[in-house]
1. Hey, can you tell me all the residues within the stretch 218-251 that are part of a helix (DSSP H, G or I) and over 24 Å from the mean Cα position of the chain (by Cα)?
2. Quick check on my filter: what residues within the stretch 155-191 are in contact with a His (Cβ under 9 Å, 6 or more places away or on another chain), under 22 Å from R99 (Cα atoms) and open to solvent by 10 Å² or more (accessible area, probe 1.4 Å)?
3. Looking at N80 and the list (1) in a loop (DSSP other than H, G, I, E, B); (2) polar (S, T, N, Q); (3) closer than 20 Å to V188 by Cβ, which single condition is not satisfied?
4. Can you find a residue that is within 16 Å of the ligand (Cβ to nearest atom), at pLDDT 95 or above, in contact with a Pro (Cβ under 6 Å, 6 or more places away or on another chain) and farther than 15 Å from L167 by Cα anywhere in the stretch 103-110?
5. Identify all residues within the stretch 68-101 that are out of contact with any Asp or Glu (no Cβ under 7 Å at 6 or more places or on another chain), within 12 Å of the ligand (Cβ to nearest atom) and either within 23 Å of F255 (Cα to Cα) or open to solvent by 10 Å² or more (accessible area, probe 1.4 Å) (or both); write none if there are none.
6. Under 6 Å by Cβ, and 6 or more places apart or on different chains, what pairs join a residue from the stretch 91-111 that is more than 15 Å from G73 (Cα to Cα) and in a helix (DSSP H, G or I) with one that is within 13 Å of the ligand (Cβ to nearest atom) and not aliphatic (A, V, I, L, M)?
Amino acid sequence: MKNLLDGIEDVLLMGPGPSYVHPEVYRAMSRSTLGYMDSYFIRIMDEIKTLLQRLMNTSNERTLAVSGTGMAGMETCLVNLLEPGDDILILINGVFGLRMREIATRLGAKVDVLEFEWGTPVRLEAVAAKLNEKSYKLVAMVHAETSTGVHNPAGEIGALLKGSSALYLLDAVTSLGGIEVDVDGWGVDALYSGSQKCLSCPPGLSPVSFSQTAVKAIAARKTKVPSFYLDIDLIGKYWGGDKRSYHHTAPINMFYGLYQALLLFMEEGKEAVFARHQSGHRKLVDGLEGLGMELLVEESTRLPMLNAVKIPEGVEDAAGRSTLRSKHKIEIGAGLGPLAGKIWRIGLMGYAAREENVDRLLTALRDVL
Ligand SMILES: *Cc1c(COP(=O)(O)O)cnc(C)c1O
């Protein structure tokens, strides 16, 4: 029988994720599967936890990787922190803020939102004014809005919330591993990320972290967490303590991949990794502007790892991306929502964020345009 896997090409993934996987991560994932209670495997889990704490700048005990993609992390945070009738404020300037609203609404929370034009950042004055009007159990924001390429002011929002009783939830799916994420310094109470963006793993795990205050808020719930699979206390009993207890079978080989990716990050060093994202971004922006293209987001709030560029007049969105994929073996992303057909999203995430890849993409774009 023909094996379709033989036809898989090596595609340079420069879209909004998944990102280009590091070869060492593939190698790690092909190691022998161990049992989920195997003591050697538990040692690897303990190391993953320590490495995640370092990456996130936190001493939060409840730091682990949830089985599932970034959306599982988003759902884990909301499903554990919210009960019906709880007040949540969601700061929205793109697709992923809308997703948080959808999940919070399904959970029966009382949802307030502040919306900002897509392509522009969350504005602090508006948030401060809202917080003066009303108190919230939870305030949620996306750090790196992958749908637009906007860098939201995560530290500044944290500073605004200090001294208030609101818990601070931050989506760090695209930011973690590409720019600074300072959980303890910013006063973040709950954070989720994903393995397949700047960490250069395949999709499948969602690193999360909960502060002591968040853990207490969960313990004080009046109702049970409505999801069994995503109940963070139950998952935590497998990730910590002397006696580990079964909750669900860990996706063992995904853990190997994440572990390897975290080691690669630490070996290269945080400053070097962030500088590599920045220099790739600057080279890309110069090259795009050289081709006469224009970025969507103003320079001061651009993300290095997600570059939203306006599709030039006369160029067909789908056809352009399709030529990149078929002829040049490069994937970039389409625009979403109101930006569909208007922008392309070029990712420089993790292993893809190297100057040689930027050169390859720019050469290909010259051909396509
Ligand atoms: C990709 C992404 C998600 C969702 O992650 P999935 O892996 O697609 O489930 C959530 N938030 C942001 C900001 C993202 O970029």
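1. A219, K237
2. Result: V173, single match.
3. Only one criterion is unmet by N80, namely (1).
4. no
5. Within the stretch 68-101, G68, T69, G70, M71, A72, G73, E75, T76, C77, V95, L98, R99 meet the criteria.
6. Every condition considered, the pairs that remain are V95/S147.
So that you can scan it fast, the table gives a plain yes or no per residue for (1) more than 20 Å from P16 (Cβ to Cβ); (2) in contact with a strand residue (DSSP E or B) (Cβ under 8 Å, 6 or more places away or on another chain); (3) acidic (D, E):
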residue: Q260; (1), (2), (3): yes, no, no
residue: E268; (1), (2), (3): yes, no, yes
residue: A275; (1), (2), (3): yes, no, no
residue: S279; (1), (2), (3): yes, no, no
residue: E294; (1), (2), (3): no, yes, yes
residue: S300; (1), (2), (3): yes, no, no
residue: V309; (1), (2), (3): no, yes, no
residue: G314; (1), (2), (3): yes, no, no
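Conditions (1) in contact with a Leu (Cβ under 6 Å, 6 or more places away or on another chain); (2) touching a residue at least 24 places away in the same chain (Cβ under 8 Å); (3) not acidic (D, E), marked per residue:
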{"site": "T223", "(1), (2), (3)": "no, yes, yes"}
{"site": "I232", "(1), (2), (3)": "no, yes, yes"}
{"site": "H248", "(1), (2), (3)": "no, yes, yes"}
{"site": "E271", "(1), (2), (3)": "no, no, no"}
{"site": "A275", "(1), (2), (3)": "no, no, yes"}
{"site": "S279", "(1), (2), (3)": "no, yes, yes"}
{"site": "V297", "(1), (2), (3)": "no, yes, yes"}
{"site": "M305", "(1), (2), (3)": "yes, yes, yes"}
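The values are calculated or read from the model by the stated rules, or taken from the named source; none is laboratory data. This is a predicted model, so every value here is computed, not measured. Note that we place each Cβ from the backbone using ideal geometry, even for glycine, and neighbour counts take in every protein chain shown. Just the protein is used for accessible areas: all its heavy atoms, side chains included, with ligands, DNA and RNA removed. Shrake-Rupley method; radii C 1.70, N 1.55, O 1.52, S 1.80 Å.
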